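Peer 1: Below you will find the structure I want to go over with you.
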Amino acid sequence: MSAPPSFCVANDGSAPNPAEPLLRSTLRPAEQAALSARLAPLFADKLQELRIDAELPASALERVYLPLAAWLVQRKTRQTLVVGINGGQGSGKSTLCALLQLILRQGFGLSVAGLSLDDFYKTRAERRQLADGVHPLLLTRGVPGTHDVALALSVLAALKSAQPGDSVAIPVFDKAQDDRCPPEQWRRFHGPADIVIFEGWCVAARPESAAALSRPINTLETEEDPDGRWRRYVNAQLQGEYARLFEQLDVLLMLKVPSMEHVFQWRSLQEEKLAASLRDTPQHATRLMDAAAIRRFIMHYERITRHMLEEMPERADVTLFVDEAHQIGRIRTRSAR
């Protein structure tokens, strides 16, 4: 797992607070200090559990993660608040999701369900049918069209309507086997959810224009999708059922990476960490990608990622700008524009 983005302190020692817009009308200083003190050991334990190598600044909990959680609590005006987290590969989505869940549960006493778009990949057999019937590139999971959106909608609906005593099954996808686990291995969420955090690389993505689709943007599209059939199919999914899924979001957070090149670098770092964790195991030789394979893999997502980097910051409720050092340099709320 990649290290989470962290708060960047100013060089002049003044330590400006990038989360200040989030602090207004949320927590009073005394409340925040008390919560921070109580959560600090739990926060440290979670970082250790996540095997995060790079240390966060001591102020990260109080100055970034806790204010962001408090901001979400303030926006819970209905039974279940659905929060979307968007960000490119390696940007820190899963880590942000895990830390927010910890703070919302332990700090604010809320029931929080964590979902990933990855939970809802179509089975390998279903993607093989897509590859045979629509385009070979659809065998590779990740792009719109390779998820079971109807299943995602049904799980979200169940979480939003659950009552005490209810149990909602959440699918589990085994990336090592490239297939969905059988239902008996799915996770269970018990009772009603106060907040659902739904993270994914293309969460809340919007379709492009037909004119934009006419031009290939990398060698994958040039060589393996010369007629544009694959990218038009993917784009059509964003116009249809994915739009209905993303309409379920009440709040959108975006981790904005500096560039596509950083997506490649940070995804490569993830692969290096995976290699270290699998060393001396049977999977070591079969599951890892070299630099060329990683770059080709990222090309599947490049078009949508570039489009999101251009247009999403203007409509996200909160944009967390991740700098070249993999730290959150600043946080901007839509109301603060």
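Peer 1: In the range 164-201, which residue that is among the polar types (S, T, N, Q) and at pLDDT 95 or above is nearest to LEU100 (Cα to Cα)? Spell out the reasoning first.
Peer 2: Of the range 164-201, the ones among the polar types (S, T, N, Q) are 167, 177, 185.
After this cut, where a residue has to be at pLDDT 95 or above as well, the list is 167, 185.
Working: SER167: 22, GLN185: 25 Å.
Taking the candidates together, the pick is SER167.
Peer 1: Report yes if some residue within the range 309-325 is in contact with a Gly (Cβ under 7 Å, 6 or more places away or on another chain) and surrounded by fewer than 17 Cβ atoms within 10 Å (Cβ to Cβ); otherwise report no.
Peer 2: Yes, the range 309-325 contains at least one residue that is in contact with a Gly (Cβ under 7 Å, 6 or more places away or on another chain) and surrounded by fewer than 17 Cβ atoms within 10 Å (Cβ to Cβ).
Yes or no, residue by residue, for (1) modelled with pLDDT of 95 or more; (2) buried (at least 24 other Cβ atoms within 10 Å of the Cβ); (3) β-branched (Val, Ile, Thr):
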{"position": "VAL64", "(1), (2), (3)": "no, yes, yes"}
{"position": "VAL82", "(1), (2), (3)": "yes, no, yes"}
{"position": "GLN89", "(1), (2), (3)": "no, no, no"}
{"position": "SER94", "(1), (2), (3)": "no, no, no"}
{"position": "ILE103", "(1), (2), (3)": "yes, yes, yes"}
{"position": "GLN106", "(1), (2), (3)": "yes, no, no"}
{"position": "GLY109", "(1), (2), (3)": "yes, no, no"}
{"position": "VAL112", "(1), (2), (3)": "yes, no, yes"}
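Peer 1: Among the numbered criteria (1) crowded, with 19+ Cβ neighbours inside 10 Å; (2) farther than 20 Å from VAL155 by Cα, which one does PRO136 miss?
Peer 2: Of the numbered conditions (1) crowded, with 19+ Cβ neighbours inside 10 Å; (2) farther than 20 Å from VAL155 by Cα, the odd one out for PRO136 is (1).
Peer 1: Pick from the range 302-337 the residues that are among the basic types (Lys, Arg) and without any contact (Cβ under 8 Å) to a residue 40 or more places away in the chain: which of them is nearest to THR140 (Cα to Cα)? Quick ask: steps written out before the conclusion?
Peer 2: Of the residues in the range 302-337, the ones among the basic types (Lys, Arg) are 303, 306, 315, 330, 332, 334, 337.
Keeping just the survivors that are without any contact (Cβ under 8 Å) to a residue 40 or more places away in the chain gives 334, 337.
Numbers: ARG334: 35, ARG337: 38 Å.
Restricting to residues being among the basic types (Lys, Arg) and without any contact (Cβ under 8 Å) to a residue 40 or more places away in the chain, the top hit is ARG334.
Peer 1: Check ARG75, ARG124 and return the single one that is at pLDDT 90 or above, over 16 Å from the mean Cα position of the chain (by Cα) and farther than 27 Å from GLU314 by Cβ.
Peer 2: Details: ARG75 fails: farther than 27 Å from GLU314 by Cβ.
Result: ARG124 is the single residue among ARG75, ARG124 that is at pLDDT 90 or above, over 16 Å from the mean Cα position of the chain (by Cα) and farther than 27 Å from GLU314 by Cβ.
Peer 1: Ok, one more. Of all residues in the range 149-196, count the ones that are in a loop (DSSP other than H, G, I, E, B), small (Gly, Ala, Ser) and surrounded by 14 or more Cβ atoms within 10 Å (Cβ to Cβ). Quick ask: steps written out before the conclusion?
Peer 2: Step one: filter the range 149-196 for residues in a loop (DSSP other than H, G, I, E, B), giving 162-166, 171-172, 175-178, 181-182, 186, 191-194.
After this cut, where a residue has to be small (Gly, Ala, Ser) as well, the list is 162, 165, 176, 191, 193.
With surrounded by 14 or more Cβ atoms within 10 Å (Cβ to Cβ) added as a condition, the list becomes 162, 191, 193.
Final tally of qualifying residues: 3.
The values are calculated or read from the model by the stated rules, or taken from the named source; none is laboratory data. What you are looking at is a predicted structure, and each value in this text was computed from that prediction instead of being measured. Because the Cβ atoms are built from the backbone with ideal geometry, glycine has one as well, and the counts that use them run over all protein chains shown.
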